[in-house]
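J.: For reference, the structure I am asking about is given below.
The values are calculated or read from the model by the stated rules, or taken from the named source; none is laboratory data. Note that this is a predicted model, so its numbers are computed, not measured. Glycine gets a Cβ as well: all are built from the backbone with ideal geometry, and neighbour counts include every protein chain shown.
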Amino acid sequence: MNNLFNRKYIVQGVFIVVLLILVAKLFYIQIASDKYFISANSNVLRNIFTYPARGAILDRNGHVLVQNEPVYDLMVTPNEVKPFDTLDLCRTIGIDKKRFYKSWRKAMAQSRYRESVFEKQLSVQVYARLQEKLGRYRGFRVQKRTVRQYPDSVGGQLFGYVKEVSEKDIEKSSGYYRMGDYIGKSGLEMSYEEVLRGQRGITRMIYDARNVAQGSYANGEFDTLAVSGAQLISGIDIKLQKLGEKLMQNKVGAIVALEPGTGEILAFVSSPSYDPNLTVGRDWGNNYMKLFANPYRIFNSRPIQGMYSPGSAFKPIDALIGMQEGVIDPNTTFFCPGFYQAGNHKVRCEHVDGNTNLRRGLARSCNTYACYIFQKLLTRKGMKNQRAMYGDWEEKIRKFGFGHKLEIDLPWEKNGIFYTEEEYNKRWGKRWGYTTVISLAIGQGEITSTPLQMANAMAIIANRGYYYKPHIIKGVGDGQPIDEKYRTKNFAGVDARYYEPVIDGMQDAVNAGYGTAYASRVPNVLLCGKTGTVQNPHGKNHAVFIGFAPRDNPKIAIAVVVENAGYGGSYAAPVASYMVEQYLTDSISPGRKAQAQWMMEQNLLPVLKSRTKPARHDTLKKKIDTAGKKPDTVPQKRSIQPKIVAVKP
C-alpha cells in the first residue's frame with residue numbers, strides 16, 4: 001500500500017518537472033529570446049553587407065589620382081523568386097534575354113538558397129529606374145558598392161586594377177572575402193589592398209512580402225558600420241606623370257623619376273600605357289581581353305619588369321669603384337686609339353680620343369677608358385687572382401642596387417641579371433679572366449637592369465654615396481608612418497670625395513660642346529647625365545639616358561629607356577631634359593615647347609613581324625648595348641625636327 005502511495009507522488013513529481021521545463025522553454029522562446037522569431041521570419045530578415053569605399057590615392061600635392069563612384073549590383077536568391085515579367089526586367093537594366101538566362105543559370109549553379117550577383121555594377125541612372133519596379137521582382141534586391149574612377153586617365157600599370165575575388169583569393173584570406181567581393185589584382189591596388197579595402201559592415205534588414213525594405217531589425221542594435229579604406233598619399237607629381245606619358249605615347253619604354261633625398265617616385269611611366277578607367281565597369285571583361293591582346297604587352301610594367309643592359313650608363317659606377325680601390329684618380333689618362341684590345345678581339349670606341357682623363361672619358365663616353373678601368377680593377381692583385389677580384393667587384397656593384405630587387409612597394413619587381421663568380425666558373429671553368437667578360441666594362445654582356453635600378457643609381461650619385469629604397473607611397477591614412485625600410489639610408493660603399501670627379505664628367509656630357517647629350521641641355525638648370533645605346537637583336541638599338549639635376553642639392557634623378565630609338569642622345573636624353581625642366585621650373589621654356597611637341601608626335605613602335613605571332617620587341621632577358629656604338633648625339637630623321645641641333649663629337 002505504501003509503495004503505491006509513493007509511486008503516485010513520484011509520477012506526479014515527474015509530470016510537474018516536465019511541465020515546468022515546457023513553461024520555461026516557452027517563456028524563453030516567446031519572451032526572453034528572439035532566435036526563433038528570426039528563424040520563423042528568415043524569409044524577410046536578411047543580412048545585408050555594406051561595402052566600404054576603397055581609400056583614395058592622392059599625388060604629392062593633394063591632387064586626387066584615384067577616387068570612387070557609386071554603382072549597384074542586382075542580387076538574387078533563386079529560391080525566393082516568384083513568376084515575373086522577365087522582359088520588363090531586361091529592358092529596365094539594359095540586357096537581353098540571352099544574358100538574363102545566362103545570369104540565372106549561374107545563380108542557380110552557385111546556390112538556390114544563397115544570394116549571389118545577378119548583374120554587376122548598374123549605373124545610378126539604371127538603379128533609379130529599377131528602384132521604382134523592384135517590388136515586382138520577388139527574390140531580387142539591389143546592393144550598393146563603389147568602383148574606382150581615375151580622373152586623369154593615366155598610370156594604368158602604376159595604379160593597377162580591382163577585380164572580383166577568385167576561389168584562391170577567398171581561401172588565402174582566412175575567411176575575410178566572400179564570393180562577389182573585389183580585391184586589388186595589380187599595382188598599388190594590390191600592394192596596399194589591406195589598407196585600401198576598409199572593413200565590411202552588416203545591416204540586418206527586414207523586408208515585407210512585397211520585397212520592400214522595412215528598416216533595420218531592432219533599430220539597428222545588431223548592425224555594424226562599414227569602415228572606409230585609408231587614404232594613400234603618393235610621391236607622384238601628376239603634371240610630371242602626364243607629361244611623361246605624352247612624351248612616350250606611340251613608343252615602347254619607360255621613365256622613372258625620383259627624389260634623391262627621400263626615394264619617393266615622382267613619375268612612373270610604362271609605355272605603351274592604357275587608361276585605367278577601361279578596367280572599371282560592366283565592359284571590364286571585354287576591355288581587359290582587348291588590352292591583353294595588345295602585341296606590345298601593355299600589362300608589362302617596364303619600369304620594374306623591363307630588363308635592359310645599362311650600356312654606357314654603367315660607366316660612372318665603374319669609375320667610382322676604380323677611384324675607391326685606388327686604381328685610378330681624376331687625372332689618370334689612358335690613350336684611346338679608337339679601340340681597346342681585349343685578348344684576341346677589339347672593343348671598338350667610336351672616337352679616337354688620344355690621351356683621355358676621367359672627366360673627358362665620361363663626357364665622351366669613351367669605351368677604351370672604361371675598359372682600362374675594368375682591367376685594372378680585376379688585375380690589381382695579379383693575373384692569377386682575376387676571378388677572385390671579379391667577385392669583389394661584383395659585390396661592390398650590387399651595393400649600387402644592381403642584380404637584386406630594390407623592394408619598391410609594387411608587385412612583380414624583377415631582379416635583373418648579374419652573374420656571380422660561381423656562375424662564370426660554371427660557364428667557363430677556371431679559364432676565364434677580365435678579357436672574357438670585358439663587355440661588362442661598358443654595361444653589356446651578362447648584366448641587365450630595370451629602369452628603376454638605373455634611376456636609383458643616379459640617386460646614389462646625386463646624394464654622393466647613399467640612397468633610400470624607392471617607393472610610391474609617402475603617407476598612409478592619418479599620419480601612419482610608411483615602412484621603416486623606406487626611411488633608412490643605404491650606403492654604396494664609395495667615399496663621398498670620389499663623386500665630384502664623376503659628376504664633373506656627367507655635367508660635361510650634357511653641358512659641354514663635346515658631350516654626348518649636349519643637344520639636351522636645360523636652360524638655367526645644370527643637368528648631369530650619361531647617355532647609353534643599347535643593342536637590340538630584333539631591330540634598331542634602344543636609347544638610354546640617366547641623370548639628375550640640379551648638380552648641387554639635387555631634386556630629381558631620372559632614367560629613360562626608349563626602345564628602337566637609336567642613340568641615347570637622340571630620344572632618351574631629350575625626353576629626360578623635358579621632364580627635368582617641367583619638374584624644376586613647372587613648365588617647359590617657350591623655345592623648347594616645339595621640340596617637346598615634336599617628341600610627343602613621334603611613332604617609334606616597332607613593326608610587328610606577323611599578325612598572328614607578334615615580334616618580341618621588348619628587351620626582357622636580352623643582352624644589350626654595343627661595344628662599337630655610334631655617337632649618342634645623332635638624331636634619327638623620321639620627320640623634320642624643329643630646333644634640335646645634333647652635335648657630333
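J.: Of the conditions (1) under 30 Å from residue 470 (Cβ atoms); (2) buried (at least 24 other Cβ atoms within 10 Å of the Cβ); (3) touching a strand residue (DSSP E or B) at 6+ places or on another chain (Cβ under 8 Å), residue 322 clears all except one; give me its number.
T.: The number of the failed condition is (3).
J.: Are any residues in segment 344-365 surrounded by fewer than 20 Cβ atoms within 10 Å (Cβ to Cβ), among the polar types (S, T, N, Q) and in contact (Cβ under 8 Å) with a residue 40 or more places away in the chain, and if so, which ones?
T.: none
J.: What's the number of the only condition in (1) in contact (Cβ under 8 Å) with a residue 12 or more places away in the chain; (2) assigned by TED's automatic domain parsing to the domain that holds residue 530; (3) polar (S, T, N, Q) that residue 341 fails to meet?
T.: Of everything listed in (1) in contact (Cβ under 8 Å) with a residue 12 or more places away in the chain; (2) assigned by TED's automatic domain parsing to the domain that holds residue 530; (3) polar (S, T, N, Q), residue 341 misses just condition (1).
J.: Among the residues that make up segment 483-497, is at least one of them hydrophobic (A, V, I, L, M, F, W, C) and closer than 21 Å to residue 240 by Cα?
T.: no
J.: Do we have any residue at all in segment 366-382 that's surrounded by fewer than 20 Cβ atoms within 10 Å (Cβ to Cβ) and of a type in the set (A, V, I, L, M, F, W, C)?
T.: No, the conditions are met nowhere in segment 366-382.
J.: Just to be sure, is residue 328 within 25 Å of residue 460 (Cα to Cα) and at pLDDT 90 or above?
T.: Yes, satisfied.
J.: Okay, next question. Do you know which residues across segment 108-119 are among the charged types (D, E, K, R) and either surrounded by fewer than 18 Cβ atoms within 10 Å (Cβ to Cβ) or outside the structural domain of residue 95 (by TED's automatic domain parsing) (or both)?
T.: 112, 114
J.: Among the residues of segment 450-462, is any crowded, with 18+ Cβ neighbours inside 10 Å, within 17 Å of residue 394 (Cα to Cα) and in contact with a Ser or Thr (Cβ under 9 Å, 6 or more places away or on another chain)?
T.: yes
J.: Next question, about the same structure. How many of the residues making up segment 467-495 are over 22 Å from residue 257 (Cβ atoms) and out of contact with any Phe, Trp or Tyr (no Cβ under 9 Å at 6 or more places or on another chain)?
T.: Matching residues across segment 467-495 total 7.
J.: So, one more: Please go through segment 356-397 and pick out each residue that is among the basic types (Lys, Arg) and touching a helix residue (DSSP H, G or I) at 6+ places or on another chain (Cβ under 9 Å).
T.: Correct list: 359, 360, 364, 376, 380, 381, 387, 396.
J.: Please specify each residue of segment 124-147 satisfying the condition of being of a type outside the set (A, V, I, L, M, F, W, C), surrounded by 16 or more Cβ atoms within 10 Å (Cβ to Cβ) and over 13 Å from residue 88 (Cα atoms).
T.: 127, 138, 139, 141, 143, 145, 146
J.: Considering each of 163, 144 in turn, give the residue that is part of a strand (DSSP E or B) and closer than 21 Å to residue 278 by Cβ.
T.: Going through 163, 144 in turn, just one is part of a strand (DSSP E or B) and closer than 21 Å to residue 278 by Cβ: 163.
J.: Of everything in segment 360-378, what is closer than 19 Å to residue 518 by Cβ and hydrophobic (A, V, I, L, M, F, W, C)? Give them in sequence order.
T.: Selection gives 362, 363, 366.
J.: Within segment 108-129, can you find the residues that are under 35 Å from the mean Cα position of the chain (by Cα) and small (Gly, Ala, Ser)?
T.: If the condition is that a residue be under 35 Å from the mean Cα position of the chain (by Cα) and small (Gly, Ala, Ser), then 116, 123 are the ones that fit.
J.: Would you point out which residue out of 303, 310 is assigned by TED's automatic domain parsing to the domain that holds residue 458 and over 10 Å from residue 157 (Cβ atoms)?
T.: 310
J.: Next up: Do the conditions hold for residue 359, that is, is it basic (Lys, Arg) and in contact with a Gly (Cβ under 7 Å, 6 or more places away or on another chain)?
T.: yes
J.: Okay, next question. What do you reckon, is residue 281 free of Cβ contacts under 8 Å to residues at least 60 places away in the same chain and either outside any strand (DSSP E or B) or not assigned by TED's automatic domain parsing to the domain that holds residue 502 (or both)?
T.: For residue 281, the condition - free of Cβ contacts under 8 Å to residues at least 60 places away in the same chain and either outside any strand (DSSP E or B) or not assigned by TED's automatic domain parsing to the domain that holds residue 502 (or both) - is not met.
J.: Any chance segment 259-271 includes a residue that's free of Cβ contacts under 8 Å to residues at least 40 places away in the same chain and on the phi > 0 side of the Ramachandran plot?
T.: no
J.: Just one of 220, 160, 201 is over 20 Å from the mean Cα position of the chain (by Cα) and at pLDDT 85 or above; which is it?
T.: 201
J.: Further question: Out of the residues in segment 556-587 that are of a type in the set (A, V, I, L, M, F, W, C), out of contact with any Ser or Thr (no Cβ under 9 Å at 6 or more places or on another chain) and part of a helix (DSSP H, G or I), which is farthest from residue 525 (Cα to Cα)?
T.: 579
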